[in-house]
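To start, the structure itself, in structure tokens.
The values are calculated or read from the model by the stated rules, or taken from the named source; none is laboratory data. Since the structure is predicted, the reported quantities are computational estimates derived from the model, not experimental observations. Quick reminder, even Gly has a Cβ in these numbers, built from the backbone with ideal geometry, and neighbours come from all protein chains shown. Each accessible area value is taken on the protein alone, full model and side chains, heavy atoms only, with ligands, DNA and RNA left out. Shrake-Rupley method; radii C 1.70, N 1.55, O 1.52, S 1.80 Å.
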Amino acid sequence: MSKKRRFKTSLGDQFLRLVTFLMAFSVLVLMAWMGWQMFDAARPSIHTFGFGFITSRVWDPVKEQFGALPFIYGTLMTSLLALLLAAPIGLGVAIFLNEMAESKFRAVIGFLVEMLAAIPSVVYGLWGIFVLAPWLRETVEPGLAKWLGFVPLFQGTPVGFGMLAGGLILAMMILPTIAAISREVMASVPNMQREAALALGATKWEMIKVAVLPYAKTGIMGGIMLGLGRALGETMAVTMVIGNRPDILPSLFAPAYSMAAVIANEFTEATYDLYLSALVEVGFILFGITLVLNFLARLLVWSVARGPKGGNLV
Amino acid sequence: MGQTLSVRKLEAWYGPNKTLKGINMEIEANHVTAIIGPSGCGKSTFVRCINRMHETLPGTKVIGEIILDGESIYDQDPVALRKTVGMVFQKPNPFPSMSIFENVVAGVRLNGQRNKQNLQAIAERSLRMAALWDEVKDRLNYSGISLSGGQQQRLCIARALAVEPAVLLMDEPASALDPIATTHIEELIRQLRDNYTILIVTHNMQQAARIADSTAFFLNGELVEHGATSEIFTNPKDKRTEDYITGRFG
């Protein structure tokens, strides 16, 4: 005899359930609606250029030719560059603050690192224009060209404003996100895990490697993902330093363009419908790339978190 | 083989609290020594001083001397010391991201052992010593946290034994376990006695009576009495020991 037992839930709880469900559902609706609106507004451009929009390198509003590849390339490259720089440094900051620094020191530096995230991106952009770009042009890029000039990435005229500047400024902007989240996650590693490693004769670094990082890796990757999300969508600071030239050049010194930057720069100048529609399609693609990359990153986190049989970490 | 420990005038602080107030104690090799006493008497701090784990916490201080096999532990690198003085904690703490096999050989790997066959031999030997081999031999690649609590604790013992320590510190190793798992751990401790110096903190006096050759009674950071277990339990010399073991306080 099996009869399902139900606990009677109070009216208030039922109401709470309904309200919170609606709130959660509204997020989904909002996202689908935004996606649809963008798709709808991009339709003229999609009809005219089809797949060629993603594969074409020509962006010429005068001749009514629109191809988004340079922007896609610029967004992905700057974000990748930013991740390559910010992920190891952010992790290093988190390790230092959590495992090495003395407690008074820890609070101060931790606060300063998190402050970095609060600086408006236009301020980063100004700093990029007046400090970072000249420094890159006069010191860093000639140096790189001299020592690593055999790599195509480091060839060409040092301009200052370009892919490298965009990547660097993004790295600075996502560093606090990655550092703060990694630090939070590492702080949640139970102390008995650290002691287990130390009691086996681990040095501090070995303890971090054996006990802290494996335990925290899922959360650290989550932090890196958030950083990536921010890098993909960041507009202002990148627009100010990337050089804004729709071209795909092998050198990191050369000017480039990103999806967010082209939308911000050209939206007010889009004088005819197809132009406007093409810009919206760029936005639609950015929306899609962000979703897909986040989805892939989530898959990666799951596969890493699974670990050995019978012990799921998430 | 086990090594002797000689503790002299050991004092330890935890922040402003002095948790050990001058301990003098001789600990025999190949012997199980139980440390009993009420909560907060300093028994955990005492064993944590022996592998210099106490110092890893912020705000702690230790003075005094501990001689291990003729040499002061404070003249040694704590990292090297902890390979000679292994430790098992109150709550089982296997590494959750590692398999059973990887957990057992984690310490050996830190010592630079990379050879797959050697690691396998070490894992089997250690798991056999910890009386866990038969239960896990077919699923060595399962996660360490897929085991039951008692099995996890024996896994942690195997992990400590794999490094081949001379001294094994156990800080209430069975207090988080059910009676059957506790029996397993106690049997294991009796079997390990011949080859190790074992120091076990316990709040369970029957446990001390069952497994220890000698027993030390701590109270308020002082060593009240230390002697053969049978002596301590049947004929204590100090009134406070008698009060404690007859259950008048603690």
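Miscellaneous remarks
- In the complete set of protein chains, residue-level accessible area for B:LYS91 is approximately 120 Å², probe 1.4 angstrom.
- Within the listed set B:LEU81, B:LEU110, B:LEU223, the Gaussian network model of chain B (springs between alpha-carbon atoms below 10 Å) gives the highest mean-square fluctuation for B:LEU110.
- Heavy atoms of A:ASP273: accessible area, 1.4 Å probe, square angstrom to 10: 130
- In loop segments of the stretch A:1-79 as defined by DSSP, the trypsin sites (Lys or Arg not before Pro) with at most 14 further C-beta atoms inside 10 Å of their C-beta are A:LYS3, A:LYS4, A:ARG5, A:ARG6, A:LYS8, A:ARG57.
- Chain A contacts chain B over a buried accessible area of about 2200 Å², both sides summed; the probe is 1.4 Å and only protein chains count.
- If you run the Gaussian network model on chain A, springs between alpha carbon atoms under 10 Å, then out of A:ILE178, A:ILE119, A:ILE129 the most flexible one is A:ILE119.
- In this calculation the C-beta distance from A:ASN294 to A:THR9 is compared with R0 = 30 Å, giving a FRET efficiency of 0.30.
- For the stretch A:62-164, GluC sites (Glu not before Pro) meeting the loop criterion (DSSP other than H, G, I, E, B) and having at most 16 other Cβ atoms within 10 Å: A:GLU64, A:GLU102.
- Full extension of the chain between A:MET34 and A:ALA101 yields a length gain of 19.6 nm, computed as 0.36 nm times the residue separation minus the alpha carbon distance.
- Surface composition of the protein assembly as shown: carbon and sulfur make up 61 percent of the accessible area, probe 1.4 Å.
- Tensor-based shape of the stretch A:30-189 (alpha-carbon gyration tensor, a/c under 1.5 rounded, otherwise prolate or oblate): oblate
- Chain A shape via C-alpha gyration tensor axes, a/c threshold 1.5: oblate
- Greater than 30 Å apart at Cα, pairs in A:LYS8/B:LYS91; A:LYS209/B:LYS116; B:LYS9/B:LYS83; A:LYS217/B:LYS83; B:LYS61/B:LYS116: A:LYS8/B:LYS91; B:LYS61/B:LYS116
- The string of couplings for the stretch B:77-88 from the Karplus curve (6.51, -1.76, 1.60, θ = phi - 60°) is 5, x, 5, 6, 4, 5, 7, 8, 10, x, 9, 10 Hz, one whole number per residue in order, with x for Gly and Pro.
- Each of B:GLU55 and B:ASN115 was given a label point 7 Å from its Cα along the Cα-to-Cβ line. The distance between the two points is 3.4 nm.
- Checking every one of the trypsin sites (Lys or Arg not before Pro) in the stretch B:201-250 against DSSP loop status and a limit of 10 other Cβ atoms within 10 Å picks out B:ARG248.
- In the context of the full set of protein chains, the protein assembly as shown has a per residue accessible area of 49 Å² (1.4 Å probe).
- Cα gyration tensor shape for the stretch A:4-102, rounded if a/c is under 1.5, else prolate or oblate: oblate
- For the residues A:SER10, B:SER72, a 1.4 Å probe over the protein chains yields an accessible-area ranking, largest first, of A:SER10, B:SER72.
- Between the alpha-carbon centres of the stretch B:32-49 and the stretch B:117-194 there is a gap of 22 Å.
- The accessible-area loss of the stretch B:84-111 on complex formation, taken against its chain alone with a 1.4 Å probe, reaches 20 Å² or more at B:PHE89, B:LYS91, B:ASN93, B:PHE95, B:PRO96, B:SER97, B:MET98, B:LEU110.
- For chain A, modelled as a GNM whose springs connect Cα atoms under 10 angstrom apart, the maximal fluctuation among A:GLN14, A:GLN65, A:GLN155 occurs at A:GLN14.
- Reduction of at least 30 Å² in accessible surface, 1.4 Å probe, comparing all protein chains with the chain by itself, residues of the stretch B:48-62: B:MET53
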